[in-house]
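See below for the structure under consideration.
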Amino acid sequence: MADKPKYYITTAITYTSGKPHIGNTYEIVLADAIARYKRSQGYEVFFQTGTDEHGQKIEMKAEEAGTTPKEFVDNVAAEIRRIWDMMNTSYDKFIRTTDDYHEKEVQKIFKKLYDKGDIYKGYYEGMYCTPCESFFTESQLVDGKCPDCGRPVQPAKEEAYFFKMSKYADRLIEHINNHPEFIQPVSRKNEMMNNFLLPGLQDLCVSRTSFTWGVPVDFDPKHVVYVWLDALTNYITGIGYHCGDESDELFNKNWPADLHLIGKDIIRFHTIYWPIFLMALDLPLPKQIFGHPWLLQGDGKMSKSKGNVLYADELVDFFGVDAVRYFVLHEMPFENDGVISWELMVERLNSELANTLGNLVNRTVSMTNKYFGGTVTDKGAAEEVDADLKTVVSDTPKQVEKKMEGLRVADAITEIFNLFKRCNKYIDETMPWVLAKDEEKKDRLETVLWNLIQSISEGARLLEPFMPETSGKILAQLGGGHVTDKPEILFRRLDIKEVLEKIEKLHPSEPEAKKEEEPVIDIEAKPEITFEDFGKMQFQVGEIIACEEVKKSRKLLCSQVKIGSQVKQIVSGIKAHYSAEEMVGKKVMVLVNLKPAKLAGVLSEGMLLCAEDAEGNLALMTPEKAMPSGAEIC
């Protein structure tokens, strides 16, 4: 018997700064669906996930909690694994970057790259902005202050090791050009090429001395290996890579990875830094890196500071594991961000799961029991209407395969539910309850129910990667022609008012008076101005038609803003709050006649208006109603 083809899939390792919310949990469920589907196709799958446990933020969190960093990450890693298991994910390996074998390999990798001359010792030096954790040269400062946030800076210097990224840049560009499938979706590839690779790569800091919670550089112990060289190498250390020695059979069999599944916010590290590290180690590159979009709560990214975080275990308590799996997989578009809310989940549960699927199985089992004592066979009493149902049934696996090959998981689920909808339509077309009244139509009735059982069973088999428990329950009820005595309720309809009332009891709203007090921020008053002074400022509505990151800055975005018939270039320190792709298409409020200035060497011809809360979170000011580009703000 020939060996099964291999398929190695990974998620990004989850940062152990706290409990993961449903947006974080989406990734492991997505990877699990892909892994299960590949297994159903006959692949020998190795599915790895895990936790990223080092860094200054962890050190600070542990200190705040009054515990050691190791005790802190042990607790968080256990909670992450509990949630992954609760979501019925079928991973084969859970790696932690505090695992001894991983830390030893990271040290060996660092030393090998240093000995090759790819890593060298240098200094971060310049004016340091503490809130932004960034160094700037004097020329990059704006009025002597941080070009990103406008706060004061202080002179600082830190010894660090750097990796020579530019040494491998041309080779990586060639690889990306020759392998169009390497970075998906295509928009992510274009962003990496145009914003980072083609303008030229800066050398990357790969060690720090300002904190101690990390993998020590063994030949220079005051340094710890900085996050990305430590975290990214988990994909090879977790399967038995041994730097400088013979690697394990698991590594030899599975590397290169077939798919790295990651969030769009860390696409740069996986498509630029990681491939270059692998080139330096003389290892082949992963076959594909997919930067999935975010699952948003309401209109914004989930954030504890915003108070809009949803957790998987709480959702599961209300809806069940498979309903939550269905929602996060089906509601997430291929390329754009998806939205989750309690109201939307209730609506999908009632319409798609309870009605389209649950009611279909219930009716089929009930009619088979009522009319034939629970057992039917194909009597061959076919009619023209059967042909279309059979065509949909035979075509659906092909459509699902096509969608899954393109990682369009939501579309694959839609194809399966289209089959279930076709089965519901078939019941309406054939009207078994009418056939049952005519003894001469008994064979036709049995054939109709046989067709339904076979069709629903095929849909249930296809559903297994996405909703494994539900798939098993359906197949157990249908039994290939002998159904269970009683139909099992797959999904119970919920009343949105009752759900929201229960949520209110779990998370009581604060009194109105307190709500009114919390958003208030007092800032230092500026000198009074006259109406004449105000009249000198020109505010208009602009539409962002293009946006990219400023390569010399970690915090700046450069937007092309259409204001009426003209386009202005505006640089803003908002990269921590918006990605370049998120900016495109937004209608914003613009101070148009601000004197042009250079930020990080890039000309800015205006200012985008933002609001800032006490924690430094920014929100662009946008018109409440649809307004044309160029509309005056007065």
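Suppose only helical runs count, i.e. DSSP H with n ≥ 4. What mean residue ellipticity at 222 nm does that imply for the chain under -39500 (n - 2.57) per run, divided by all residues and rounded to the nearest 500 deg cm²/dmol?
That comes out to -12000 deg cm²/dmol.
For the peptides 538-546, 594-602, 383-391, what is the packing order when you average, over each peptide's residues, the other Cβ atoms within 10 Å and list the highest mean first?
538-546, 594-602, 383-391
Relative contact order for segment 341-481: what percent, with Cα pairs under 8 Å and sequence separation of 6 or more?
With pairs under 8 Å counted, the relative contact order is 31 percent.
Between Rg and the Kirkwood Rh of the chain, both from Cα atoms, what is the Rg to Rh ratio?
1.02
Rounded, prolate or oblate, given the Cα gyration tensor of segment 531-633, with a/c below 1.5 counting as rounded?
Rounded shape, in that the Cα axes give a/c under 1.5.
Would you mind classifying segment 1-110 by shape? Square roots of the alpha carbon gyration tensor eigenvalues, ordered a ≥ b ≥ c; an a/c under 1.5 is rounded, otherwise it is prolate if a/b is larger than b/c and oblate if not.
oblate
So what is the relative contact order for segment 1-118, in percent, with contacts set as C-alpha pairs under 8 Å and at least six apart?
Answer for segment 1-118 is 31 percent.
Rounded, prolate or oblate: which fits segment 390-502 when a ≥ b ≥ c are the square roots of the eigenvalues of the alpha-carbon gyration tensor, with rounded for a/c under 1.5 and prolate only if a/b beats b/c?
oblate
Take the alpha carbon atoms of segment 42-68, find their center, do the same for segment 357-403, and report the distance between the two centers in whole angstrom.
Centre-to-centre (Cα) distance: 47 Å.
Among V186, S210, T14, whose Cα sits farthest toward the positive end of the charge dipole of the chain (+1 at Cβ of Lys/Arg, -1 at Cβ of Asp/Glu, about the Cα centre)?
V186
Quick query: amide H of L599 versus all other amide H atoms, modeled in the peptide plane; which residues come in under 5 Å with a sequence gap of 5 or more or a different chain?
Distant-sequence amide H within range of L599: S604.
Could you tell me which of L389, L283, S572 has its Cα farthest along the dipole of the chain towards the positive end, charges placed at Cβ (Lys, Arg +1; Asp, Glu -1), taken about the Cα centre?
Sorting the options by dipole projection puts first L283.
What is the chain's relative contact order, in percent, from Cα pairs under 8 angstrom and six or more apart in sequence?
Relative contact order, the chain: 12 percent.
Can you list residues whose amide H is under 5 Å from S207's amide H, if they're 5+ apart or on another chain and H is modeled 1.01 Å from N?
Y161, Y226
Nothing charged except the Cβ atoms of Lys and Arg (+1) and of Asp and Glu (-1): what's the magnitude of the dipole of segment 341-481 about its Cα centre? Round to the nearest 20 debye.
Computed charge dipole of segment 341-481: roughly 220 debye.
Between the DSSP loop rule and a limit of at most 14 other Cβ atoms within 10 Å, which GluC sites (Glu not before Pro) in segment 144-221 are left?
Passing both the DSSP loop test and the Cβ count: E181.
Once amide H atoms are built 1.01 Å from N in the peptide plane, which residues 5 or more positions from G126, or in another chain, come under 5 Å H to H?
A156
For the charge dipole of segment 341-481, defined by +1 on Lys and Arg C-beta atoms and -1 on Asp and Glu C-beta atoms about the Cα centroid, which residue among I453, L419, G479 has the Cα displaced farthest towards the positive pole?
Result: G479, furthest along the dipole toward the positive end.
Dipole size in debye (nearest 20) for the chain around its Cα centre, Lys and Arg Cβ +1, Asp and Glu Cβ -1?
960 debye
List, in order, the whole-Hz ³J(HN,Hα) value for each residue of segment 536-550 obtained from phi through the Karplus relation with A = 6.51, B = -1.76, C = 1.60 and θ = phi - 60°; use x for Gly and Pro.
After applying 6.51 cos²θ - 1.76 cosθ + 1.60, I find 6, 8, 10, 10, 9, 7, x, 10, 7, 9, 7, 7, 8, 6, 7 Hz.
Mind putting a number on the dipole of segment 54-119 about its Cα centre? Charges go on the C-beta only, +1 for Lys and Arg and -1 for Asp and Glu, and I need it in Debye to the nearest 20.
With Lys and Arg at +1 and Asp and Glu at -1, about 240 debye.
We did not get these values from a lab; they are worked out from the coordinates using the rules stated. Given the structure is predicted, the values throughout are model-derived calculations rather than measurements. FYI the Cβ positions are ideal-geometry reconstructions off the backbone, even for glycines, and counts take in every protein chain you see.
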